[in-house]
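K.L.:
Have a look at the structure that comes next, please.
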Amino acid sequence: MRSGWLLLALVAALHLGTARAETAFANLQVSAQVLPHARLQADASPVSITAADVQRGYLDVSRHYQLMTNAPDRVVLQLNPRVGLTDSIDIQGLQAPVRMGDTSLEITQPLAREFTLNYRLWLSAGALPGDYALPVQVAALLR
C-alpha cells in the first residue's frame, strides 16, 4: 500500500512539473504612403551652332523626353529660357505651338510618358558658332 501511495505521489509530482507551451498572439498593422513624384529625363547633348545657322538666324533642334510620375494628372511642364543665345524660341509638340521669350512658361496640359519637343531657336545678334546647352531648361513639377 505504501508503494501505491508513493507511485501516486510520484505521478502527481511529474504532472505538476510538466512543461506547458504557452501561446501568445499579436497583431501588427503596417501602413505605407507613397508620395507623388515627377521626374523628366531628356537628351542632354549640346546644341551645335554653325556659321550657316548664325547667318540664317535660326536653328531647328528636337529633344525626346521621358516622364516618370505616379501622379500624371498633377504634372506641370515648366520651361525656363537660358538668356543670351536666343531672342526667342518657338516650341512645337504641345497641344498648341508656343513662342517663348525671356520669361518662363508653365504648361498644364496632359503629358504622355514619352514625348518630343521641336524647337526653333531664333539666334540673337551676338550668337557665335559653337556647342551650347539647349537654351531652354525643361522640368516636370507637381501642382
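K.L.:
Please count how many residues of the range 44-74 are part of a helix (DSSP H, G or I) and either open to solvent by less than 20 Å² (accessible area, probe 1.4 Å) or of a type in the set (D, E, K, R) (or both).
P.N.:
4
Let's see how each residue does on (1) at pLDDT below 95; (2) under 16 Å from the mean Cα position of the chain (by Cα):
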site	(1), (2)
V61	no, no
P72	yes, yes
G84	yes, no
I89	no, no
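K.L.:
Could you pull out the residue among L7, L40 that is open to solvent by 80 Å² or more (accessible area, probe 1.4 Å) and either modelled with pLDDT of 60 or more or more than 30 Å from T86 (Cα to Cα) (or both)?
P.N.:
None of the others qualify; the one that does is L7.
K.L.:
Scan V54, V34, V47 and give me the residue that is under 26 Å from the mean Cα position of the chain (by Cα), at pLDDT 95 or above, on the phi < 0 side of the Ramachandran plot and among the β-branched types (V, I, T).
P.N.:
Unique residue meeting the criteria: V47.
K.L.:
Could you please find all residues in the range 94-120 being assigned to a loop (DSSP other than H, G, I, E, B), touching a residue at least 12 places away in the same chain (Cβ under 8 Å) and loosely packed, with under 15 Cβ neighbours inside 10 Å?
P.N.:
Q95, G101, D102, T103, S104, T108, Q109, P110, A112, R113
K.L.:
Check the range 134-142 and report whether any residue there is more than 14 Å from H64 (Cα to Cα) and loosely packed, with under 15 Cβ neighbours inside 10 Å.
P.N.:
Scanning the range 134-142 turns up at least one residue that is more than 14 Å from H64 (Cα to Cα) and loosely packed, with under 15 Cβ neighbours inside 10 Å.
The values are calculated or read from the model by the stated rules, or taken from the named source; none is laboratory data. Note that the structure is predicted; figures quoted are calculated from it, not measured. Positions of Cβ are generated from backbone atoms using ideal geometry, with glycine treated the same way; all protein chains shown enter the neighbour counts. To get the accessible areas, we keep the full protein, side chains included, count just its heavy atoms, and leave off ligands, DNA and RNA. Shrake-Rupley method; radii C 1.70, N 1.55, O 1.52, S 1.80 Å.
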